[in-house]
Amino acid sequence: MKLVFAGTPEVAVPALDALIASERHDVVAVVTRPDAPAGRGRRLVASPVAQRAEEAGIEVLKPAKPRDEDFLARLREIGPECCPVVAYGALLPKTALDVPLHGWVNLHFSLLPAWRGAAPVQHAVMAGDEMTGAATFQIEEGLDSGPVYGVITEHVRPTDTSGDLLTRLAFAGAGLLSATMDGIADGSLVPVAQPADGVSLAPKITVEDAQVDWAAPALRVDRVVRACTPAPGAWTLFRGERLKLVQVAPAPETTGLAPGEPAVGKNSVHVGTGSHGVELLWVQPQGKKPMRAADWARGVRIAQGERLG
């Protein structure tokens, strides 16, 4: 099939690579979000998908909004048979959805209808799911509600961050999306409607959501930190400034600490929660690079009675 691929972040690049490498399909153009400010200089930088497409000599379309008439006119001119999508980052209007013969097919990183929305992997980690996966589905005007072509499953490991899990899903999902394009092309795949039961929503995780509540059980604290790593980054307050929590570990042997109360050992820092303690492994003070929590604690010299949070 003649394909126009839509995607923006690094997580979409493995799927683009898989489709470029396919002998059965031709990626003739890419749709991605406009260049965005990045780095200390805040200069405009093309998205990872745009950079990969340019390397491959593929036309790149960067509409401010996918309902822009210039973009729609160019899309109709190209005449794609299908538009595979991975983390594009903008809602597609019906005028765009109607252009390709086989519509737009999204690779979504959850087992639909669970975790519909912008942050399925973060919510799966935060909820303590033991199993997740990815699904390809036909995009319609509802939120991730279209019929499903195929799924893969993936175990959530006890120490997985969202970044770890998303990386594995991005590569496994690339194969699923490529196979879905094959099945649509030869007519062997027919999408199946999602069940009405089991729907859960995964809205974007905000910075406020990423603040750790030390009164919560240790298991919850650990899940929040892993779910918010690498972005937006879990954090707490210490002496009125944000302290990013890069890595923690539940410490069932640590008891007797009040929520947020630190206990500094020679080479360790433990903090009380609503159940047992957690050990702080890596932290990042405001304006500094990540460091071992024990080194941070030695530097700030935590006084008796001080609390995190």
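Residue check: ALA118 meets all listed conditions (1) touching a residue at least 60 places away in the same chain (Cβ under 8 Å); (2) open to solvent by 50 Å² or more (accessible area, probe 1.4 Å); (3) in contact with a strand residue (DSSP E or B) (Cβ under 8 Å, 6 or more places away or on another chain) but one, namely (3). The strands (runs of 3 or more DSSP E) falling completely within region 27-75 that include 2 or more residues that are at pLDDT 95 or above map to 59-61. Of all residues in region 259-309, those that are in contact (Cβ under 8 Å) with a residue 40 or more places away in the chain and basic (Lys, Arg) total 1. Here ARG298 does not fit the description of being of a type in the set (D, E, K, R), in a helix (DSSP H, G or I), open to solvent by 70 Å² or more (accessible area, probe 1.4 Å) and in contact with a helix residue (DSSP H, G or I) (Cβ under 9 Å, 6 or more places away or on another chain).
Within region 268-277, take every residue that is out of contact with any helix residue (DSSP H, G or I) (no Cβ under 7 Å at 6 or more places or on another chain), assigned to a strand (DSSP E or B) and not β-branched (Val, Ile, Thr) and give me the one that is least open to solvent (accessible area, probe 1.4 Å). Filtering region 268-277 for residues that are out of contact with any helix residue (DSSP H, G or I) (no Cβ under 7 Å at 6 or more places or on another chain), assigned to a strand (DSSP E or B) and not β-branched (Val, Ile, Thr), the one least open to solvent (accessible area, probe 1.4 Å) comes out as GLY272. Candidates are the residues of region 36-71 that are over 18 Å from LEU92 (Cα atoms) and charged (D, E, K, R); the one that is surrounded by the most Cβ atoms within 10 Å (Cβ to Cβ) is ARG52. Count, please, the residues in region 1-26 that happen to be open to solvent by less than 30 Å² (accessible area, probe 1.4 Å) and part of a strand (DSSP E or B). Residues in region 1-26 being open to solvent by less than 30 Å² (accessible area, probe 1.4 Å) and part of a strand (DSSP E or B): 5 in total. Which residues, counting only those in region 81-104, are farther than 22 Å from THR167 by Cβ and of a type in the set (A, V, I, L, M)? Once the filter is applied, which keeps residues that are farther than 22 Å from THR167 by Cβ and of a type in the set (A, V, I, L, M), region 81-104 yields ALA90, LEU91, LEU92, ALA96, LEU97, VAL99, LEU101.
Does VAL264 meet the test of being more than 21 Å from LEU166 (Cβ to Cβ), modelled with pLDDT of 95 or more and open to solvent by 70 Å² or more (accessible area, probe 1.4 Å)? Criteria met by VAL264.
Taken together, the residues in region 278-292 that are touching a Phe, Trp or Tyr at 6+ places or on another chain (Cβ under 6 Å) and crowded, with 19+ Cβ neighbours inside 10 Å amount to 1. State which residue is most open to solvent (accessible area, probe 1.4 Å) when the search covers only region 86-112 and only residues that are free of Cβ contacts under 8 Å to residues at least 40 places away in the same chain and not in a loop (DSSP other than H, G, I, E, B). The qualifying residue most open to solvent (accessible area, probe 1.4 Å) is THR95.
The values are calculated or read from the model by the stated rules, or taken from the named source; none is laboratory data. Since the structure is predicted, the reported quantities are computational estimates derived from the model, not experimental observations. Heads up, the Cβs are rebuilt from the backbone with ideal geometry, glycines too, and the neighbour counts pull from every protein chain shown. The area values use the complete protein model at the heavy-atom level, side chains included, leaving out ligands, DNA and RNA. Shrake-Rupley method; radii C 1.70, N 1.55, O 1.52, S 1.80 Å.
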